[in-house]
Amino acid sequence: MPYLIRRTTAADADALHAIFTSPGVVANTLQRPFRSRAEVRKVLASTPDHIHSLVATTGSGEVIGNAGLILETPQRRRHAATLFIMISEQWQGKGVGKALMQAITDLADNWLGLKRLELTVMHDNYHAQALYEQSGFVREGMAQRDALRFGIHENTVIMARYRFAPGELADHAANVGRRPAEPTTQTRPSGNYRLRSAEPEDAAGLAANMAFESVYGNTLQLPYPSTATWEKRLADMANGERVQIVAEHDNGDIIGSCSAWQSSQNPRLAHSASIGITVVPAWQGCGVGSALMQALITELEHWHPFRRLELHVYAENAPAIALYRKFGFVEEGLLKGHGFRYGQYHDTLQMSRRQEQA
């Protein structure tokens with residue numbers, strides 16, 4: 001049976017609400033059982049430009065499926081998007097998913113120029129995994145206890161589909177151990193440092209830290225960061241949306257920083273926090289990173305409800321990987337072409353640390 005694929009409109013809200021809240025859909029997605037119609041209507045009435053949503057309908061106009069792309073907004077991740085798809089229970093197994101996947105991958109490849117599509121799928125949703133594999137997705141790893149379902153934190157399969165041209169994807173093996181050179185005047189100053197919570201007046205110091213190539217090159221940040229960017233992040237911290245710890249030298253300089261933020265606003269992922277850490281070149285390899293990591297983990301696991309800490313690290317960044325392993329992080333998957341740097345797309349490792357409940 002042929003299906004009509006078209007762009008989602010606000011008028012589809014009630015039909016999509018029925019799909020989103022269906023028990024057979026909720027169990028295999030990250031939807032909530034009692035999501036309100038008003039919430040779905042609000043989302044469709046103000047869909048941002050970086051989200052592209054399509055619906056599948058029957059010849060009579062009945063909405064029977066939804067798929068879309070959430071484009072990554074960080075500049076060094078603009079080549080990637082997260083794919084989502086949901087099919088009405090009554091129409092599963094009838095080719096609706098295949099039709100939507102063909103339309104959404106055509107949009108990604110031929111009109112948006114995306115290099116990488118990514119998704120996660122419940123570990124036991126074999127029908128969906130088969131559909132994705134038929135559409136060119138491959139398994140990259142397994143995220144441990146990633147999504148809450150029926151009161152249990154379940155594993156999800158990490159999958160992706162690539163469209164890298166020859167030469168665009170960096171050779172991971174050739175880049176092992178690469179660390180950008182910094183000015184030779186950078187030497188470790190004498191004195192000590194202390195750890196403390198970040199304050200609004202630290203914005204300029206944190207921006208200055210990100211100006212070193214060995215710092216921004218190993219993150220997803222851009223060169224030449226602005227103080228305003230850090231002012232906003234520190235405002236998020238003041239609102240309780242971010243944990244930020246800094247290492248302050250005796251002379252008042254910020255020599256390192258670590259942070260954590262809730263990975264998603266979805267309550268089924270509320271147990272997870274993403275983390276990041278940076279240390280200025282002069283103090284790298286001097287124990288500052290270990291001190292910051294220990295402080296952050298203690299803060300998160302003793303005083304916050306997080307049970308999963310997660311991060312991405314470039315696959316050739318051996319010192320950082322060793323630091324994370326030291327603190328109990330394990331590799332969950334190798335993500336091909338995940339981040340852009342030095343004019344090419346580079347692989348990253350997804351790593352996590354899980355805290356067992358007593």
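The values are calculated or read from the model by the stated rules, or taken from the named source; none is laboratory data. Computed from a predicted structure; not experimentally measured. Note that we place each Cβ from the backbone using ideal geometry, even for glycine, and neighbour counts take in every protein chain shown.
Structural remarks
- Tallying residues that are among the aromatic types (Phe, Trp, Tyr) and surrounded by 15 or more Cβ atoms within 10 Å (Cβ to Cβ) within the stretch 138-172 yields 2.
- Subset tally (residues that are surrounded by 16 or more Cβ atoms within 10 Å (Cβ to Cβ) and at pLDDT 90 or above) for the stretch 224-233: 1
- Scan of the stretch 131-146 for residues that are of a type in the set (Gly, Ala, Ser) and closer than 15 Å to Leu83 by Cα, ordered by number: Ser135, Gly136
- Residue within the stretch 39-53 that is at pLDDT below 95 and of a type in the set (Ser, Thr, Tyr) present: yes
- The residue that is surrounded by the most Cβ atoms within 10 Å (Cβ to Cβ), among those in the stretch 109-137 that are over 23 Å from Arg32 (Cα atoms), among the aliphatic types (A, V, I, L, M) and under 18 Å from the mean Cα position of the chain (by Cα), is Leu117.
- Every residue from the stretch 88-97 that is in a helix (DSSP H, G or I) and surrounded by 15 or more Cβ atoms within 10 Å (Cβ to Cβ): Trp91, Val96, Gly97
A quick yes/no check of all residues on (1) of a type in the set (S, T, N, Q); (2) closer than 21 Å to Arg149 by Cβ:
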site	(1), (2)
His17	no, yes
Asn28	yes, yes
Arg35	no, yes
Glu39	no, yes
Gly68	no, no
Glu89	no, yes
Lys94	no, no
Ala99	no, no
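- Residues that are hydroxyl-bearing (Ser, Thr, Tyr), at pLDDT 95 or above and not assigned by TED's automatic domain parsing to the domain that holds Pro74 do not occur anywhere in the stretch 213-223.
- Yes/no for Ile85 being modelled with pLDDT of 95 or more, touching a Lys or Arg at 6+ places or on another chain (Cβ under 9 Å) and either outside any strand (DSSP E or B) or β-branched (Val, Ile, Thr) (or both): no
- Test: residue in the stretch 257-265 that is on the phi > 0 side of the Ramachandran plot and of a type in the set (Gly, Ala, Ser): no
- Residue list for the stretch 290-321, filter: among the polar types (S, T, N, Q) and either touching a helix residue (DSSP H, G or I) at 6+ places or on another chain (Cβ under 6 Å) or under 13 Å from Gln355 (Cβ atoms) (or both): Thr298
- Residue that is farthest from Ile255 (Cα to Cα) [pool: residues in the stretch 200-218 that are among the polar types (S, T, N, Q) and buried (at least 20 other Cβ atoms within 10 Å of the Cβ)]: Asn218
- Listed by first and then second residue, the pairs linking a residue in the stretch 240-259 that is farther than 14 Å from Ser197 by Cβ to a residue that is part of a strand (DSSP E or B) and basic (Lys, Arg), with Cβ atoms under 8 Å apart and 6 or more places separating them unless they lie on different chains, form an empty list.
- Counting only helices (runs of 4 or more DSSP H) that sit wholly inside the stretch 12-58, not one has at least 1 residues that are in the same structural domain as Ser264 (by TED's automatic domain parsing) and more than 21 Å from Ala81 (Cβ to Cβ).
- Failed condition for Ile51, given (1) among the hydrophobic types (A, V, I, L, M, F, W, C); (2) under 25 Å from Tyr345 (Cβ atoms); (3) surrounded by 16 or more Cβ atoms within 10 Å (Cβ to Cβ): (3)
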